[in-house]
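**Student:** Sending over a structure as structure tokens; questions will come in a sec.
The values are calculated or read from the model by the stated rules, or taken from the named source; none is laboratory data. Here the structure is a predicted model, which means the values were calculated and not measured. Cβ sites come from the backbone with ideal geometry, for glycine too, and all protein chains shown count toward neighbours. Just the protein is used for accessible areas: all its heavy atoms, side chains included, with ligands, DNA and RNA removed. Shrake-Rupley method; radii C 1.70, N 1.55, O 1.52, S 1.80 Å.
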Amino acid sequence: MRIFDSFDNWFDKKFPTTKSKAKDRVFFIASKLGDHSYVWVFFAIIFTRSLRNLMILLALILLQSLVTNGPIKYIFRRQRPTGLLQGEQKLPFKVRKPITSSMPSGHAASSFFSILMFGSLNPLTLILVIPTALIVSYSRIYTTLHHPSDVFVGVIWGSVFGCICLLISF
């Protein structure tokens, strides 16, 4: 995992996280909305035009989450960053402490998976889906629940899984 540690150190130096009450509010709420893919299920309900596509999309969101948080995280078994989870930081908002390993970020994977799914069903939804996906993904770095490389790998994994699903389902 040394290559990931090098990337994380580079990212942290290049893009230092500055905290503020406003940013705390935005990113902790975004992180919560990404829990259990709540935001993507909500978007599926409001943006999907047919019951058939809604059922397929919800099943694929569930499948992506199960695969990411099961076998994929088991392969990496990376520890989460210290700080937030060790009680070293005072939390401005209540946050759910994940029980799975750190890599890949399930929030980032589901976010970029969702970009592909919603974009294939209705490209206009991307006006809202892309910014939401970016905010939810970055929230995991901001809240120190993930290393930057966890989010990067989650983005790649969610995109790959999304492409595979598009090839076989819609």
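**Student:** In segment 1-33, which residues are under 23 Å from A133 (Cβ atoms), acidic (D, E) and open to solvent by 70 Å² or more (accessible area, probe 1.4 Å)?
**Tutor:** D12
**Student:** Further, regarding this structure: If I ask for residues that are more than 27 Å from L124 (Cβ to Cβ) and without any contact (Cβ under 8 Å) to a residue 12 or more places away in the chain, which ones from segment 20-74 would you list?
**Tutor:** S20, A22, L66, G70, P71
**Student:** Given (1) closer than 19 Å to L134 by Cβ; (2) outside any helix (DSSP H, G or I), identify the lone condition not met by R49.
**Tutor:** The number of the failed condition is (1).
**Student:** Continuing with the same structure: Residues that are under 17 Å from the mean Cα position of the chain (by Cα) and under 13 Å from F113 (Cβ atoms): does segment 16-29 have at least one?
**Tutor:** The answer is no; no qualifying residue exists.
**Student:** In the list T144, T100, T132, which residue meets the criterion of being at pLDDT 85 or above and under 14 Å from the mean Cα position of the chain (by Cα)?
**Tutor:** T132
**Student:** Six or more apart or on different chains, Cβ under 9 Å: which pairs go from a residue in segment 141-154 that's more than 18 Å from K14 (Cα to Cα) and open to solvent by 10 Å² or more (accessible area, probe 1.4 Å) to one that's in a helix (DSSP H, G or I) and of a type outside the set (A, V, I, L, M)? Could you list them?
**Tutor:** Sorted first by the residue in segment 141-154, then by its partner, the pairs are V153/F4; V153/F76.
**Student:** Now a separate question. Going by what's in this entry, would L126 be described as touching a residue at least 12 places away in the same chain (Cβ under 8 Å) and in a helix (DSSP H, G or I)?
**Tutor:** no
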